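All remarks here apply to the structure that follows.
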Amino acid sequence: MSRSVLVTGGNRGIGLAVARAFADNGDRVAVTYRSGEPPEGLMGVRCDVTDPAQVDAAFKEIEEAHGDVEVLVANAGVTRDGLLVRMSEEDFDAVLETNLKGAFRVAKRATLKMMRARQGRIILISSAVALAGEVGQSNYAASKAGLVGFGRSLARELGARNITVNIVAPGLTATDMTASLPEERFQHIVNQVPLRRAAEPHEIAHAVQFLASPNASYITGAVLPVDGGVAMGH
Ligand code: NDP
């Protein structure tokens, strides 16, 4: 069973691990990238998820090459950390625009075709921070918590069309996003994780793959933490 899969922000980090996992499974995988070169062996489409025209153009390109998107992984995300008292309007808006509204744009575009096909899988990449909160990440946590309400609403809207919508909430994961953290801060976060280490991107990819698989056919509106236990109970 080869499906048309789109992973936004699939040129590096968690998105790339997710894209490779689907490709290894025999799926037809496209990833979005903003600059540089697309990853080897995967179809790359240039797309900034903050631009609706680029989102539409990317879907058209993928639909021509791979057919309508059957599995959407909304993964593209950014941080602009800072304490609330120092956080600018621009830092707040930029994070919401990419993380939450970017997911809205791609989910809406994918859903138009999924509804017609009466099947589809949408997986939104949120964060443990959405559930537990984090100092200096009020914009990021708001965007990621927004994805939970957004995804659960879609699960209710689209369930009758056999489309599942689930949310994955990773904890600290070893990617470029966390490589910029000062060593002391990184270690402080690791010490709060029951498993006492950061996740590797492929560990997040396994959860995403499961939610897109036939084994998850009766799971929708779920928030699946893949966080070494750090946000358990939330
Ligand atoms: P990276 O910083 O390594 O990668 C981010 C990806 O998002 C890149 O591919 C980037 O593209 C893409 N992206 C950012 N902004 C846009 C945009 N406007 N349009 C299109 N693509 C965009 O991050 P991670 O791999 O660590 O994170 C992936 C997702 O997982 C994010 O949503 C993040 O919030 C979430 N997450 C990460 C955690 C972690 O500890 N790493 C923990 C919990 C959640 P480009 O290369 O062009 O910049």
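The values are calculated or read from the model by the stated rules, or taken from the named source; none is laboratory data. What you are looking at is a predicted structure, and each value in this text was computed from that prediction instead of being measured. Heads up, the Cβs are rebuilt from the backbone with ideal geometry, glycines too, and the neighbour counts pull from every protein chain shown. Surface areas here come from the heavy atoms of the whole protein model, side chains and all, with no ligands, DNA or RNA. Shrake-Rupley method; radii C 1.70, N 1.55, O 1.52, S 1.80 Å.
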### Query
Could you list, in sequence order, the residues of the range 13-38 that are under 19 Å from VAL71 (Cα atoms) and in a loop (DSSP other than H, G, I, E, B)?
ASN25, GLY26, ASP27
### Query
Is at least one residue of the range 180-201 in contact with a helix residue (DSSP H, G or I) (Cβ under 7 Å, 6 or more places away or on another chain), of a type in the set (Ser, Thr, Tyr) and under 30 Å from VAL85 (Cβ atoms)?
no
### Query
Taking the range 206-227 on its own, how many of its residues are within 18 Å of the chain's Cα centre (by Cα) and either in a loop (DSSP other than H, G, I, E, B) or within 14 Å of the ligand (Cβ to nearest atom) (or both)?
12
### Task
Check ALA145, ALA141, ALA132 and return the single one that is more than 7 Å from the ligand (Cβ to nearest atom), at negative phi, at pLDDT below 95 and open to solvent by 10 Å² or more (accessible area, probe 1.4 Å).
ALA132
### Given (1) open to solvent by less than 10 Å² (accessible area, probe 1.4 Å); (2) on the phi > 0 side of the Ramachandran plot, number of the condition SER126 does not satisfy
(2)
### Query
Residues of the range 156-174 being farther than 11 Å from VAL226 by Cα, within 16 Å of the ligand (Cβ to nearest atom) and either open to solvent by 10 Å² or more (accessible area, probe 1.4 Å) or at pLDDT below 95 (or both), which ones?
ALA174
### Query
ARG109: basic (Lys, Arg), in contact with a strand residue (DSSP E or B) (Cβ under 6 Å, 6 or more places away or on another chain), under 29 Å from GLU157 (Cα atoms) and more than 10 Å from the ligand (Cβ to nearest atom), yes or no?
no
### Task
Mind listing just one residue for me: the one in the range 1-58 that is among the polar types (S, T, N, Q) and more than 20 Å from THR178 (Cβ to Cβ) and, of those, farthest from the ligand (Cβ to nearest atom)?
SER2
